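Enquirer: The following block contains the structure, expressed as C-alpha cells.
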Amino acid sequence: MINLKKPKVFIAYDIFEDSEKYIGEYCDYTKLDSSKKRSFEDLKEGIKEADGIVVMGTRIDDELLQYADNLKVVSNVSVGYNNLDIEAMKKRGIVGTNTPGVLDDTVADTIFGLILNIARKFPKLEAYAKAGKWKKGDSEEFYGKDVHHSTLGIIGFGRIGETVAKRAKGFDMDIIYHNRNRKPKAEEKYGAKYVEMEELLKTADFVVVMTPLNDETHHLMGEDEFKLMKKEAFLINASRGPVVDEKALIKALEEGEIAGAGLDVYEQEPIDPNNPLLKMDNTVTLPHVGSSTLKTRQEMAMLAAKTIVDVLYGRPTDCIVPELR
C-alpha cells in the first residue's frame, strides 16, 4: 500500500503567501503567529512533531533539537547559516539548507551603496543640506574619496564577492581578492588578482569582507589587520558581524588607523543604541538590510519552501549546506 501521509512542516518565519501555499501543497504545516513575540516555548512546541522547519536566523542547537524527534531538515531563509549548530545536526542526521544565488545581486548592490556612501560622505552631506547649513561656495568638508580607479580588496570571493567584482569593473577599479581557493575563471572574467591577506590589507582602498561566519573567520578582522590597512582606506562588512572584532574596529576608527567603515552587520543585532559606531561621522550603519528588497525576499522564501519539500520527498537539491551534505 502507498503511504499518502504528508510530511509535517513547522514554519517559524513569516514567509510570503505563495511560499506558504507551495509548502501546503506537499506538506501539512503549522506556523508561528507572527503577531506574537517568538519564544523558545513556541519553537519547542512547534518542532516536536515536525519533519522539517523553516527559519530565518533562529538558533537551531542541542537545546532545541532535543525536542525534535522526527526532524529531518532545517530550511534557512538566508545564505548564511551560522545559526545552525552543525555538530548537533550531524549527530542527529538532520540536513540544513540555505538560499544561495537568489540574493547575490541585491547584496552586491548594498555593498556598493555602502562603498559610495562612505567614500563620498553622502549621509553626512545630506543631513548637512537638510539642516540648512549649505552656504554658497565649496568646502573641504564636502570632499570625499573617488571610488573609480581605486583598489577594491574582496575577502571571500564566493558568488556575492564575484558579483561585487562585476560592479567594480564598471567603476574601473583594480580588483584584488583573497579566498581559500584561487578562482582562475573569475580572475579572467573580472580582471581580479589573487593576493595574500596581508598584501590585500596593505593595498586596498576599500576592504570588503564577504566570508561566511565560522570558527576560522570569527574576528578575522582585528587589531592587527586594521593596523595593516592604509589610513585612507575603508572597511565594508555585509557578511556577518562577528567576522569583525567590533572593539578593535571602534579603536581603529577613533585613532584614525582607517578612514571609515560601511556596515550592515554587527556583533550584536539589533545593535545597542549606545554603540559608539552609531555616533561616528566616519561610519555608515545600516540595520542588516543586505537582501531586503521585496522581490529578493520573496525569491528567498520560495527557494526555502521548494528546498524543504525537495529534501522531505527525497529529491536532489543544490541548497544543502556543505558541512551537512
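Read-outs: derived from the displayed coordinates by stated rules, not from any lab. The structure presented is a predicted model; accordingly, all values stated were derived computationally and were not measured. Here Cβ is always computed from backbone atoms with ideal geometry, including for glycine, and neighbour counts include all displayed protein chains.
Enquirer: Return the tail of the calculated pair distribution for the chain, meaning the percent of Cα-Cα pairs more than 38 Å apart.
Expert: 23
Enquirer: I've got another one for you. I need His178, His219, His288, His149 ordered by Cβ neighbour count within 10 Å, fewest first. Display every interim value, and only then the final one.
Expert: Numbers: His178 22, His219 15, His288 18, His149 10.
Ranking His178, His219, His288, His149 by Cβ neighbours within 10 Å, fewest first, gives His149, His219, His288, His178.
Enquirer: A further question follows. Report the relative contact order of region 104-285, percent, no decimals, based on alpha-carbon pairs under 8 angstrom and at least 6 residues apart.
Expert: Across region 104-285, relative contact order equals 20 percent.
Enquirer: In deg cm²/dmol, rounded to 500, what helix-only [θ] at 222 nm does the chain give when every DSSP H run of at least 4 residues adds -39500 (n - 2.57) and the total is split over its residues?
Expert: Taking each H run of at least 4 residues, the total per residue is -10000 deg cm²/dmol.
Enquirer: In bins 10 Å wide, starting from 0, what share of all Cα pairs of region 1-66 does each bin hold, as a percent?
Expert: Pairs per bin, as whole percents: 20, 52, 24, 5, 0.
Enquirer: Okay, moving on. Could I get the Rg over Rh figure for region 92-170? Both from C-alpha atoms, Rh via Kirkwood, rounded to two places.
Expert: Looking at region 92-170, the ratio lands at 1.19.
Enquirer: Another question about this same structure. If we restrict to alpha carbons, what Rg and Dmax does region 231-294 come to, in Å?
Expert: 11.4, 39
Enquirer: Here's something else I'd like to know. Neighbouring Cβ atoms within 10 Å as the yardstick, rank Ser34, Ser19 fewest first.
Expert: Ser34, Ser19
Enquirer: Related question: Going by how many other beta carbons lie within 10 Å of each one, how would you line up Ser39, Ser239, Ser75, fewest first? Can you show the working numbers first?
Expert: Numbers: Ser39 10, Ser239 29, Ser75 32.
Fewest to most other Cβ atoms nearby, the residues stand as Ser39, Ser239, Ser75.
Enquirer: A further question on this structure: Please give the direction-averaged projected area of the C-alpha convex hull for region 104-285, in square nanometres with one decimal.
Expert: 10.8
Enquirer: Right, next: Just report the Cα centroid separation between region 239-288 and region 82-104, whole Å.
Expert: 27
Enquirer: Would you mind counting up the charge near Pro7? Only other residues with Cβ under 11 Å from its Cβ, with Lys and Arg at +1 and Asp and Glu at -1.
Expert: +1
Enquirer: Once the convex hull of the alpha carbons of region 129-188 is built, what does its volume come to per residue, in cubic angstrom? Can you show the working numbers first?
Expert: On the way: hull volume 7.6 nm³, N = 60.
Looking at region 129-188, the number lands at 127 Å³ per residue.
Enquirer: Whole number please: convex hull volume per residue, Cα atoms of region 181-303, in Å³.
Expert: So the per-residue hull volume is 143 Å³.
Enquirer: Can I ask one more? Read phi for every residue in region 36-41 and hand back ³J(HN,Hα) as whole Hz from Karplus 6.51 cos²θ - 1.76 cosθ + 1.60, θ = phi - 60°, with x for Gly and Pro.
Expert: Values per residue, Gly and Pro as x: 9, 6, 5, 10, 4, 4 Hz.
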